[in-house]
Amino acid sequence: MCGIIGYIGKQKAAPILIEGLKRLEYRGYDSAGLALSEPSGLFVCKKTGRVEKLAQSMMGRSSGSTRGISHTRWATHGGVSDENAHPHLSSDGTFALTHNGVIENFGSIKKFLLSKGYTFQSQTDSEVLVNLIAYHYAKEPKDGDHNPFLEAVRRALFHVEGTYGIAVMCRDFPDQLVGARKGSPLILGVGKEEFLLASDVAALITHTQNVVYLKDNEIVSITPDSFHIANGTRENVSPIIDHIDWKIEDSEMGSYAHFMEKEIFEQPAALENSMRGRFSDDNSTANFGGLNLSAQELRQVDRILFCGCGTAWHACLIAEYLIERYARIPVEVEYASEFRYRNAPLDKNTLVFVISQSGETIDTLAALREAKRKGYRTMAIVNTVGSTIARESDGGIYQHIGPEIGVASTKAFTSQLLVSAMIALYLGRLRDMSFTDGRDFTEALKSLPELVSKTLELAPKIKKIASEYKDHADFLFLGRQSLFPIALEGALKLKEISYIHAEGYPAAEMKHGPIALISEDCPSVFLAPQDDMFHKVLGNMQEVKARGGKIIAIGSEEAEFPEDLPDHLLRIPECHPAVLPILATIPLQLLSYYIALEKGCDVDKPRNLAKSVTVE
Ligand code: M6R
């Protein structure tokens, strides 16, 4: 949600900033802008729309500047306009700022600044912050050892309530950038004779793999030769430089038309990476290095709470199903945004798990913090290494699937399901699961990459179905037991990238209301593999058919359907029930992708959305 990149070094800044913004664009794409430190002062260029539009505006302008900051915006305060785009200049032209987050007390600060003669061009909270910095700067002594630029930023932030990741430039200090964070991510890239500031690793990866993850309330001051980090009480912080093992290709599209397509088709490899080195064949179980809980402590857990948002919340529902079935531990699932404000009674032996691809989703982070505040052990399933949720949880499991860039989550979801299954196996083997059941489970998980590859071969068939159904305005997705959350996920995918109204229901619930929607115009996608529920689901399909509804069925190889019951049948391989939700997801991802393509939608950057939601 909003992406920031700043550069200071020996190379021309503008092309580096624009390339970085393109890599960050999935965080927000309402507008884009940059500020450069030039001999004449701070130069700013900002445009509504995509980064490409900014790049075109900069085309005729050759700037030798080697320092700059830039931003791609997902609008919060103030509509989508050139004025509201970042960077914002202070009204005296001394400072330029890019901001990710929300300044909650911007109204009172703005009133104060207006009374002091500061003026505003935009409706944003961020412009208030840059003027507050200018206000404090004007009061700072300009002599002596201290750095008035850094001090002004520090003093301004002291008065701010809310969240921020910022990059700031000062006209009077052309050889310095200042960055700070609280609640919104900011990473320092440590290159050779150059430094970068960015909201996430994707923007830095072509320059350096060495990064410092700033913590809340830290401020970093950067010159072309050095950087210095201090905490909120001005104490120096010894930086920990982490090495990122992503490759540049991980954040590039390669021969695919979209990141979503790439991420769907790379799922066999992604799943392989999520499970690599995590099985113990001798004990027929899974192994996790990062749980930080002994087997004995885990045996004492008598309840687990899972929290997440959106697709990650669907993964939580699958975790509930798997852990209850295979480890026999009661599990509850909460939307993170609800849990954070609910005073839910939890027992001291409750373990709290959060799931988040980005590790930065603000509601999930708040739920984690709330659980920690109340003294519960917290665990996270996270993809982004070094993210806030990964750092703040007591223990956890990384997904290791590389960056997910498409706004619609695909490989992150199936990997979250895989990790949940591995947790169910691990907890099950600490309790009642037998060695042989554990071995069958392990073998089933290991076979996943191959089974997913086979399922992906359905793509051409699904493409044809997509072209037939692209003009329908409503869809129902129906499944039972562990496939009910997959029905929810299928509906979410279709909604978010093709703007078609879709709802997911437990198949039998359809009779209690949604059946009223059934007609020729509202197709139903049934998840109907050969499992314990198969005959019940067939009954639900008959109910749809009897009312003239079209049926697309996801069956399995051995499932026998009455002739003409499904209008379209997509068969996935037979598999162990623990991996079934993963295989059943694949055709739904492809269906939403191809329908969105048919409709000419911007698959990787659907309207109104952003990849990582760092505001409430
Ligand atoms: O980064 P997170 O996993 O915490 O993100 C949670 C949701 O915002 C995310 O899954 C969202 O629902 C996706 N756009 C769905 O495709």
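Between SER482, SER467, SER498, which is more than 16 Å from the ligand (Cβ to nearest atom), touching a residue at least 60 places away in the same chain (Cβ under 8 Å), within 21 Å of LYS411 (Cα to Cα) and among the hydroxyl-bearing types (Ser, Thr, Tyr)? So that I can check it myself, show each step before the final result.
Values: SER467 fails: within 21 Å of LYS411 (Cα to Cα); SER498 fails: more than 16 Å from the ligand (Cβ to nearest atom).
One residue alone meets the criteria, SER482.
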If we ask which residues in region 1-45 are of a type in the set (Lys, Arg) and crowded, with 24+ Cβ neighbours inside 10 Å, their number turns out to be 2
Pairing a residue in region 407-431 that is in contact (Cβ under 8 Å) with a residue 40 or more places away in the chain with any residue that is basic (Lys, Arg) and surrounded by fewer than 24 Cβ atoms within 10 Å (Cβ to Cβ), where Cβ atoms lie under 8 Å and the two sit 6 or more apart in sequence or on different chains, gives VAL407/LYS605; MET422/ARG278; ALA424/ARG325; GLY428/ARG328; LEU430/ARG299; ARG431/ARG299; ARG431/ARG328
Quick count over region 392-416, residues being closer than 23 Å to PRO606 by Cβ and assigned to a loop (DSSP other than H, G, I, E, B), is 11
Reported set for region 341-364 where residues are out of contact with any Leu (no Cβ under 9 Å at 6 or more places or on another chain) and either β-branched (Val, Ile, Thr) or surrounded by fewer than 24 Cβ atoms within 10 Å (Cβ to Cβ) (or both) is TYR341, ARG342, ASN343, PRO345, ASP347, LYS348, ASN349, ILE355, THR361, ILE362, THR364
Flagged pairs (Cβ under 8 angstrom, 6 or more apart or on separate chains; first in region 551-565, of a type in the set (Ser, Thr, Tyr); second assigned to a strand (DSSP E or B)) are SER556/ARG571; SER556/ILE572
Test result for SER284, surrounded by 13 or more Cβ atoms within 10 Å (Cβ to Cβ), touching a residue at least 60 places away in the same chain (Cβ under 8 Å) and within 18 Å of ILE423 (Cβ to Cβ):
yes
Pairing a residue in region 288-316 that is more than 16 Å from the ligand (Cβ to nearest atom) with any residue that is modelled with pLDDT under 90, where Cβ atoms lie under 6 Å and the two sit 6 or more apart in sequence or on different chains, gives ARG303/ASP347
Exception for ALA508 within (1) away from the ligand (no atom under 16 Å from the Cβ); (2) buried (at least 16 other Cβ atoms within 10 Å of the Cβ); (3) not assigned by TED's automatic domain parsing to the domain that holds ILE586 falls at (3)
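The values are calculated or read from the model by the stated rules, or taken from the named source; none is laboratory data. The structure presented is a predicted model; accordingly, all values stated were derived computationally and were not measured. Ideal geometry is used to build each Cβ from the backbone, glycine not excepted, and the neighbour counts take in all protein chains shown.
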